[in-house]
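**Student:** Pasting a structure below so you can have a look.
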Amino acid sequence: MSQAWIYTIVYFAWLIGAACFVLGLHLMNSPATGRNGNRLSATGMTVAVGATLVDLIVRPEGLSTIALVIIVVGFLLGGGAGLYTARTVKMTAMPQLVSLFNAVGGGAAALVAIDDFVKLAGAGADLATTVFVVLGVLFGSVTFTGSLIAGGKLQGLIPGKPIVVPGGQILTIAIAAIAVLATLVLILSAAGAFALSATVTLLVLALIVAAGLIFGVTMVLPIGGADMPVVISLLNALTGTAAAMAGFVIGNPVLIIAGALVGASGTILTNLMATAMNRSVLNILAGGFGTGDSAAGATVSAGGASVREISADDAAIQLAYAQSVIIVPGYGLAVAQAQHQVRELAELLESKGVDVKYAIHPVAGRMPGHMNVLLAEANVPYPQLKEMDEINPDFERCDVALVVGANDVTNPAARHPGSPVSGMPILDVDHAKSIIVIKRSMGRGYAGIDNELYSNPKTGMLFADAKEGLAALTAAVKAV
C-alpha cells in the first residue's frame with residue numbers, strides 16, 4: 001500500500017474519532033444515554049490514538065527504537081494510571097480527579113507546543129505558528145499549576161479557605177502583564193516588526209512559561225473551596241483550548257476538534273455553575289468567598305435561633321403516612337456514599353403508596369450532573385430525578401421534604417438582599433408542609449453562613465451521618 005493511501009486512511013480514522021467525540025458528548029446530555037456516550041468517546045479516542053501511532057511509524061523519517069519504547073512505556077504508565085483511578089476513585093472525589101486530569105492535559109499541551117517551537121526557533125516560526133504556540137503554552141501553564149492547587153484544596157491537602165497573600169493581587173496583575181508583553185514581543189517578531197535571535201526567542205518563551213505557572217498559583221489560592229468546582233470547570237476549558245492550539249501547531253485535526261469541544265463545553269459548564277450560584281465568573285475569580293464546610297457540633301441552635309431535634313421514629317411516622325415525599329440529596333449524601341440507602345428508603349415508601357421524587361440542584365454534588373450519576377449508580381429511576389426548575393412548584397403540594405446532607409442550596413437566606421448567597425437559585429424546600437433534615441451537625445455550608453431552613457418551625461433535625469440516618473429511617477418505617 002502506498003504512503004499516500006496510508007495517510008488518507010489515517011486522516012479518515014482521525015475524522016471518525018472526532019465524530020465519536022461529538023456524538024459521545026451529545027449522548028452525555030442525558031443520564032439514560034450518558035454511559036453509552038462515554039463509551040463512544042473512549043472508542044473514538046482509541047481510534048485516534050491508533051491512527052496517530054500509524055502516522056508516526058509510516059513517516060519518511062521513521063520512528064526510532066528509543067521513540068517507540070518511550071511511546072509504549074507512556075501507554076502502559078498512562079493507561080495503567082487511568083484504569084486504576086477510574087476503578088478506585090469515589091464519585092465524591094471526581095472534581096479532584098478532573099482537576100488532576102486538567103493539570104496533565106494542560107501540561108502535555110504546553111510541552112507539545114514548546115517542543116515544536118524549539119525545533120522552529122532557529123529557522124524562525126511563522127506568525128500563525130507563533131500565535132498558536134504562545135497561546136497553547138500560556139493556557140497550558142496556567143492550567144497545570146492552577147489545577148493542582150484547585151485539586152489540592154478539594155482534597156484537603158491545601159486549606160479550602162481563601163489564602164490571601166499580602167500584595168497578591170498586585171503580583172497577579174504584574175505577572176499577567178509580563179505574560180501579555182512577552183506574548184506581544186514574540187508575535188511582533190514573527191510578524192517581522194523586528195528580529196530576535198533564536199536564543200532570545202527561547203528566553204522570552206521561557207518567561208511566558210514561568211509567568212503562566214506562577215499566575216495559575218496566584219489566581220487560584222485566594223479563591224475559597226466553595227468555588228473550586230467552578231474554577232476547575234474554567235481550567236478545563238483552558239485545557240481544551242491549549243490542546244486545540246497544540247493541534248494547530250503540529251497539524252493534527254483530531255486534536256484541534258477534541259480541544260475545541262473540551263474548550264466549548266468547559267466554558268458552557270462554567271457559565272452554568274456560576275449561574276446556579278447567581279455569581280459571575282469574574283466575581284468568583286476575585287476570590288474570598290466561602291470558608292469550607294465548618295465542623296460545628298450537634299448543637300440545637302442556628303445563629304441564636306432554636307431548632308427542633310427529632311428521632312428516627314418521629315421522622316418515620318411522617319414519611320410512612322405521607323402521600324408525597326420529595327427527597328433532596330446533597331453533598332453530605334455523596335460523601336457518606338448513601339445513594340443505595342436512599343434508594344432503599346424510597347422503594348419502601350413507594351411500596352406503601354407514597355409518591356417519591358428527587359429534587360436535584362444544579363450543583364448538588366459539587367458539579368452539574370454529579371448527583372444524577374451518583375443516584376444512577378444505585379439504580380434510582382431516571383424519571384424520578386427532577387431538576388430544580390421542574391420540582392420547585394411541587395414543594396407546596398408536598399407532605400414531607402426529606403433533606404439529606406444539602407445545605408446552601410436549600411437556604412432561604414438566598415431570597416434576602418445582603419446575604420452572601422443572595423439571589424442564588426435554591427430549592428424551595430421551606431414551602432413543603434413538613435421538613436426533615438438529616439445532617440451530622442449544625443455545621444455551616446461552604447458559604448460560611450447559617451441555614452435559615454433549620455430554624456423553621458416546620459423543620460425537624462435528625463442528627464446523623466447520611467448513611468446511618470437513612471438506615472435508621474428505613475428500619476423505623478418498616479416498623480410503622
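**Student:** Could you please state, rounded to a whole Å, how far the C-alpha centre of region 60-133 is from the C-alpha centre of region 212-258?
**Tutor:** 14
**Student:** Need one value: the accessible area of T275 in square angstrom, 1.4 angstrom probe, rounded to the nearest 10.
**Tutor:** 80
**Student:** Looking at the chain only, what percent of DSSP beta bridges run antiparallel? Nearest 5 please.
**Tutor:** Given both bridge residues lie in the chain, the antiparallel proportion sits at roughly 10 percent.
**Student:** Then there's this: Any idea what angle helix 253-276 forms with the longest principal axis of the chain, computed on alpha-carbon atoms, 0 to 90 degrees, nearest 10?
**Tutor:** Orientation of helix 253-276: about 30 degrees from the principal axis.
**Student:** Additional query: Would you rank F215, F12 by solvent-accessible area, highest first, keeping every protein chain in place and using a 1.4 Å probe?
**Tutor:** Descending order: F12, F215.
**Student:** Determine the alpha carbon to alpha carbon distance for each of K458/K478; K90/K458; K90/K433; K161/K467 and list only those over 32 Å.
**Tutor:** Over 32 Å Cα-Cα: K90/K458; K90/K433.
**Student:** Starting from the Cα coordinates of region 313-362, work out the convex hull volume and express it per residue in Å³.
**Tutor:** 80
**Student:** Then there is this: Taking region 4-97, which trypsin sites (Lys or Arg not before Pro) meet the DSSP loop condition and have no more than 14 other C-beta atoms within 10 Å?
**Tutor:** The qualifying sites are K90.
**Student:** How would region 105-180 be classified by its alpha-carbon gyration tensor: rounded, prolate or oblate, with rounded meaning a/c under 1.5 and the a/b versus b/c comparison settling the rest?
**Tutor:** oblate
**Student:** Let me cross-check S280: its accessible surface, 1.4 Å probe, with only protein heavy atoms counted, in Å² to the nearest 10?
**Tutor:** Per-residue accessible area (S280): approximately 60 Å².
**Student:** So, one more: Using only alpha carbon pairs under 8 Å that are at least six residues apart, calculate the relative contact order of region 388-464 and give it in whole percent.
**Tutor:** Relative contact order of region 388-464: 34 percent.
**Student:** If you don't mind, another one. For region 211-260, what does the alpha-carbon gyration tensor say about shape, rounded, prolate or oblate, given a ≥ b ≥ c as the root eigenvalues, a/c under 1.5 as rounded, and a/b over b/c as prolate?
**Tutor:** oblate
**Student:** So what is the relative contact order for region 312-411, in percent, with contacts set as C-alpha pairs under 8 Å and at least six apart?
**Tutor:** 43
**Student:** Which of the peptides 321-327, 50-56 is most tightly packed, and how do the rest follow, going by the mean number of other Cβ atoms within 10 Å of each residue?
**Tutor:** Packing order, densest peptide first, comes out as 321-327, 50-56.
**Student:** Here is a follow-up. Using packing as a proxy for protection, rank 75-82, 462-469 so that the peptide with the highest average count of other Cβ atoms within 10 Å comes first.
**Tutor:** So the order, starting with the most tightly packed, is 462-469, 75-82.
**Student:** Sticking with this structure for a sec: For region 306-465, rounded, prolate or oblate, judged on the Cα gyration tensor with a ≥ b ≥ c (square roots of eigenvalues), a/c < 1.5 rounded, else prolate if a/b > b/c?
**Tutor:** The shape class here is rounded.
**Student:** Within 10 Å, count the other beta carbons around each residue, average over each peptide in 146-154, 206-214, and list them highest first.
**Tutor:** 146-154, 206-214
**Student:** Roll a 1.4 Å probe over the protein chains and send me the accessible area per residue for the chain in Å².
**Tutor:** I get 46 Å² per residue for the chain.
**Student:** State, as an integer percentage, the relative contact order of region 356-396 based on alpha-carbon contacts under 8 Å between residues 6 or more apart.
**Tutor:** 50
**Student:** In the chain, what percent of the accessible surface is made up of carbon and sulfur (1.4 Å probe, ligands and nucleic acids excluded)?
**Tutor:** Accessible surface attributable to carbon and sulfur in the chain totals 66 percent.
**Student:** Then there is this: Just reorder L234, L15, L127 by solvent-accessible area, largest first, 1.4 Å probe, all chains present.
**Tutor:** Result of the area sort, largest leading: L15, L127, L234.
**Student:** Considering only A177, V104, A476, whose Cα is most displaced toward the positive end of the charge dipole of the chain, charges sitting on Cβ of Lys, Arg (+1) and Asp, Glu (-1)?
**Tutor:** V104
The values are calculated or read from the model by the stated rules, or taken from the named source; none is laboratory data. Predicted model, so just to flag it, every value in this text is computed and none were measured. Counting neighbours? That spans all protein chains shown, and the Cβs are built from the backbone with ideal geometry, glycine included. Note: accessible area is taken over every heavy atom of the protein model, side chains too, but ligands, DNA and RNA are not part of it. Shrake-Rupley method; radii C 1.70, N 1.55, O 1.52, S 1.80 Å.
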